[in-house]
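Written below as structure tokens is the structure these notes are about.
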Amino acid sequence: MVADCIFCRIVAGDAPAHRVHEDERTLTFMDLFPVGEGHLLVVPKKHGENLFEVEVEDLLAVMEVSKRMAHALRRALAPDGIGVHQLNGAAAGQTVFHYHMHLIPRNQGDPIALHGRTEGDPARLAELAVLISRALEPC
Ligand code: AMP
Ligand code: ZN
């Protein structure tokens with residue numbers, strides 16, 4: 001736990017988030033500044049700044065959950081495609097320095113953006129979190 005890390009604080013329950021799923025190693029929640037409807041972040045609970053620092057077991061856990069989340073997004077929102085990406089280092093565009101995977105549903109013609117500019121409507125984010133978590137298949 002890193003006290004001034006927003007994602008550590010969310011994992012610890014000390015900062016708010018629209019949570020979608022949690023397991024032993026990972027937490028999934030709605031991105032607060034979504035690029036589009038259903039933009040998710042999957043994070044390891046254990047702090048690591050980026051790909052270089054995170055334990056392989058946590059990377060594998062994040063990837064496994066990302067696949068489950070991709071299926072849930074497809075069932076819940078039926079996007080044309082889903083961007084799965086993650087950034088390492090400020091020069092690569094990383095803005096929160098706790099490893100995370102983005103899952104961004106996209107429709108034909110959507111601009112390819114990595115970051116949203118405006119905060120998502122809290123009521124809609126809450127609604128989407130429920131919709132997506134209900135679309136998860138049991139392990
Ligand atoms: P990156 O630029 O890859 O480090 O992405 C960080 C992401 O975290 C951005 O898409 C932000 O919108 C998102 N973000 C920042 N703070 C929060 C927060 N408190 N809750 C949810 N998402 C956040
Ligand atoms: Zn952290």
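The values are calculated or read from the model by the stated rules, or taken from the named source; none is laboratory data. Note that this is a predicted model, so its numbers are computed, not measured. When we count neighbours, we look across all protein chains shown, and the Cβ atoms used for this are built from the backbone with ideal geometry, even at glycine. All accessible areas refer to the heavy atoms of the entire protein, side chains included, with ligands and DNA or RNA removed. Shrake-Rupley method; radii C 1.70, N 1.55, O 1.52, S 1.80 Å.
Just a few scattered comments:
- Averaging Cα coordinates gives a centre for the range 113-136 and one for the range 61-103; these two points are 13 Å apart.
- Absence of a disulfide-compatible partner, taken as no other cysteine beta carbon within less than 4.7 angstrom, is noted in the chain for Cys139.
- Across Ala90, Ala72, Ala129, mean-square fluctuation computed from a Gaussian network of the chain (C-alpha pairs under 10 Å connected) peaks at Ala90.
- Principal-axis tilt of helix 56-77 within the chain, Cα atoms, nearest 10 degrees: 20 degrees
- Label-point separation in nm, Ile112 to Lys67, each point 7 Å along Cα→Cβ: 2.5 nm
- Sites matching GluC sites (Glu not before Pro) across the range 47-139 that sit in DSSP coil, with at most 12 neighbouring C-beta atoms within 10 Å: Glu119
- The chain: C-alpha gyration tensor shape, a/c 1.5 cut-off, then a/b vs b/c: rounded
- Distance in nm between pseudo-label sites at Arg74 and Ala3 (7 Å out along the Cβ direction from Cα): 4.5 nm
- Where labels lie 7 Å past Cα in the beta-carbon direction, separation of Glu57 and Glu22 in nm: 2.0 nm
- Å² of accessible area per residue within the chain, as computed with a 1.4 Å probe and no ligands counted: 55 Å²
- Calculated [θ] (222 nm, deg cm²/dmol) that DSSP helices of n ≥ 4 give over the chain, each run adding -39,500 (n - 2.57): -9500 deg cm²/dmol
- FRET efficiency for Arg124 and His85, using Cβ-Cβ distance with R0 set to 25 Å, rounded to 0.05: 0.65
- Low-density loop positions, chymotrypsin sites (Phe, Trp or Tyr not before Pro), the range 51-139 - DSSP coil, at most 11 other Cβ in 10 Å: Phe52
- What a 1.4 Å probe finds exposed on the range 6-134 is 55% carbon and sulfur by accessible area, rounded to a whole percent.
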